[in-house]
Amino acid sequence: AWILAKSDYVATLNADDWVDENYLKSVRDVIEKDQSDIVISAMVFSDPKRQKIIQPDYFSMKAPIRWRHPAINHPGMVIRKSLLEKVGGYSPTYKIAMDVDLFYKLLQHGPRISILKQPSVYQSDGGVSQKKWRLALTEMRRIEIDHGRHPLSAWGAYLWRSNKQTLKHLMLWRKF
């Protein structure tokens with residue numbers, strides 16, 4: 001869809017996510033002020049019982065040196081279309097974590113990134129990445145290795161994340 005866009009910027013949004021009524025104005029204002037290449041919003045992650053605000057978090061304008069996985073809040077991310085064209089957009093190699101790969105590719109070009117601290121994007125819990133979390137973690141491991149993380153370190157992070165998700169799902173299962 002981004003290839004067909006006629007605008008200078010493209011916003012990413014999943015099928016079950018939404019933005020508030022001030023989102024477009026906030027994004028436009030920050031782009032005009034900062035000449036941003038990427039705008040990332042704080043996000044409200046919600047499920048039927050609770051909501052959690054997630055602030056964007058990453059180490060630098062390059063792939064993370066310490067390889068702590070960044071919170072990039074891809075829903076609602078606005079990207080300059082020419083930058084998307086430069087990196088080739090999303091990779092068809094990945095089915096779940098393509099947003100992580102895209103973000104690392106974008107960071108390699110030193111984009112000007114602006115952050116909207118006030119949450120204006122809402123992501124629903126229970127989407128594809130939560131349902132297919134094993135595939136998502138496998139793809140993240142491959143992406144990290146492709147972007148320079150040592151394979152042993154990537155495997156260690158994969159095992160850590162996988163164990164955390166397994167425990168989370170076991171605890172949720174026990175509640176029923």
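The values are calculated or read from the model by the stated rules, or taken from the named source; none is laboratory data. For clarity, every value in this text was computed on a predicted model and none was experimentally measured. Glycine gets a Cβ as well: all are built from the backbone with ideal geometry, and neighbour counts include every protein chain shown. Accessible surface is based on the protein model in full, side chains and every heavy atom, while ligands, DNA and RNA are left aside. Shrake-Rupley method; radii C 1.70, N 1.55, O 1.52, S 1.80 Å.
Among all positions in segment 53-67, there is no residue which is open to solvent by 60 Å² or more (accessible area, probe 1.4 Å), part of a loop (DSSP other than H, G, I, E, B), of a type outside the set (Asp, Glu) and modelled with pLDDT of 85 or more.
Is it true that Val39 is open to solvent by less than 20 Å² (accessible area, probe 1.4 Å), at pLDDT below 95 and touching a helix residue (DSSP H, G or I) at 6+ places or on another chain (Cβ under 6 Å)? Answer is yes for this residue.
If the requirement is being of a type in the set (S, T, N, Q), in contact (Cβ under 8 Å) with a residue 60 or more places away in the chain, crowded, with 19+ Cβ neighbours inside 10 Å and within 21 Å of Ile40 (Cα to Cα), which of these qualifies: Gln118, Gln123?
On the way: Gln118 fails: crowded, with 19+ Cβ neighbours inside 10 Å.
The conditions single out Gln123.
Inspection of segment 133-152 finds no residue satisfying the criterion of being open to solvent by less than 50 Å² (accessible area, probe 1.4 Å), out of contact with any Lys or Arg (no Cβ under 8 Å at 6 or more places or on another chain), closer than 24 Å to Lys6 by Cα and not polar (S, T, N, Q). In segment 9-26, which residue that is in contact with a Leu (Cβ under 9 Å, 6 or more places away or on another chain) and either closer than 24 Å to Val100 by Cβ or modelled with pLDDT under 85 (or both) is surrounded by the most Cβ atoms within 10 Å (Cβ to Cβ)? It comes out as Tyr23.
Within segment 68-79, the set of residues being touching a strand residue (DSSP E or B) at 6+ places or on another chain (Cβ under 7 Å) and either surrounded by fewer than 21 Cβ atoms within 10 Å (Cβ to Cβ) or modelled with pLDDT under 60 (or both) comprises Pro70, Ala71.
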